[in-house]
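Chemist: Have a look at this one.
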Amino acid sequence: MAGMSDTFEPAAGTGTVWVESMGGPLVVVPVSALDRWDGCTPGGEILGATGRQDDYDRACAVEDHAGVVDLRGDDSASALVLGDEPAGTCYLPDRTAFVRWLAADSEAELFAAAHAVLDDPATPWEDCGTWTTDGPAVLMDSADAGRDLGKPYPHGHGEPSAAPVPLPPGSWRVRAFHTWSDESVWVGVVHLLAQGENPMS
């Protein structure tokens, strides 16, 4: 079975923005709080003399398919971590869902599998808690600092990978599921449901 690293080849010209990480989890951070996501610090693990993990290590500590971590200095803001697999990921605004490219020969196959997961009332979703945002967010590599988005990496190695996540303010129930739809397609879906929303509406 091929993994994402062997088969991650999004179709050109589709308009879908795929975000990849450097090997760790991806994270979704409210635009208003991007400057409070510090990513991976040079020393790693511990941030200064505070005895606290840096943001990247806190994201890596999420063991489920998704989870929520707080943003420093703001008790009302949090980041959504897409954990478990460092997979290429895009956001589907019409489904309020993140699609994770775990294995597939084409984008079309992956999207078909993702929509099947979302449309099936019998999908055994994993409950990943509640995430609150005050509006639009950004999907990004948890190793990057929010303030560095749009800036080139040193030595001309491109710039941080990121994609917009257009959302209205609110609290969202987070649920996730990974599945093989056949022998060649392995898809992950992280679905956001507005509080009180009927999952099959």
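Chemist: Return the calculated 222 nm mean residue ellipticity for the chain, to the nearest 500 deg cm²/dmol, obtained by summing -39500 (n - 2.57) across DSSP H runs with n ≥ 4 and dividing by the residue count.
Modeler: Taken over the chain, the calculation gives -3000 deg cm²/dmol.
Chemist: With an 8 Å Cα cut-off and a minimum separation of 6 or more residues, compute the relative contact order for the chain in percent.
Modeler: 28 percent
Chemist: Moving on. Between LEU71, ALA104, ALA87, whose Cα lies farthest towards the positive end of the dipole of region 40-190 when Lys and Arg beta carbons carry +1 and Asp and Glu beta carbons carry -1, centred on the Cα centre?
Modeler: Positive-end residue among those listed: LEU71.
Chemist: Along the charge dipole of region 83-164, pointing to its positive end and built from +1/-1 on Cβ of Lys, Arg, Asp and Glu, which listed residue (PRO154, TRP131, PRO164) has its Cα farthest out?
Modeler: Value computed over the given set: PRO154.
Chemist: With angles folded into 0 to 90 degrees, how steeply does helix 107-119 sit against the dominant principal axis of the chain? Use alpha carbons for both and round to 10.
Modeler: 80 degrees
Chemist: Ok, one more. Skipping prolines and chain starts, which residues have an amide H placed within reach, meaning under 5 Å, of the one on VAL165, given they are 5 or more residues away or on another chain?
Modeler: So VAL165 has HN proximity to ALA137, VAL138, LEU139.
Chemist: May I ask you to compute the full-extension gain from ASP70 to THR16, defined as 0.36 nm times their residue separation minus their alpha-carbon distance, rounded to one decimal in nm?
Modeler: Length gained, ASP70 through THR16: 16.6 nm.
Chemist: Using 7 Å Cα-to-Cβ label points, what is the ASP182/HIS155 separation (nm, one decimal)?
Modeler: Rounded to a tenth, the inter-label distance reads 4.3 nm.
Chemist: Okay, next question. Could you put HIS155, HIS115 in order, starting from the residue whose Cβ has the fewest other Cβ atoms within 10 Å?
Modeler: Listed from fewest to most nearby Cβ atoms, that is HIS155, HIS115.
Chemist: Excluding VAL174 itself, calculate the net charge of residues whose Cβ lies under 12 Å from the Cβ of VAL174, where each Lys or Arg counts +1 and each Asp or Glu counts -1.
Modeler: -1
Chemist: Using each residue's phi in region 175-189, evaluate 6.51 cos²θ - 1.76 cosθ + 1.60 at θ = phi - 60° and report the 3J(HN,Hα) Karplus result to the nearest Hz, with x for Gly and Pro.
Modeler: So the Karplus estimates, Gly and Pro as x, are 9, 9, 7, 10, 7, 8, 7, 7, 5, 10, 10, 10, 10, x, 10 Hz.
Bear in mind these aren't lab numbers, they're just calculated from the coordinates by the rules spelled out. Note that this is a predicted model, so its numbers are computed, not measured. Neighbour counts run over all protein chains shown; Cβ positions are idealised from the backbone, glycine included.
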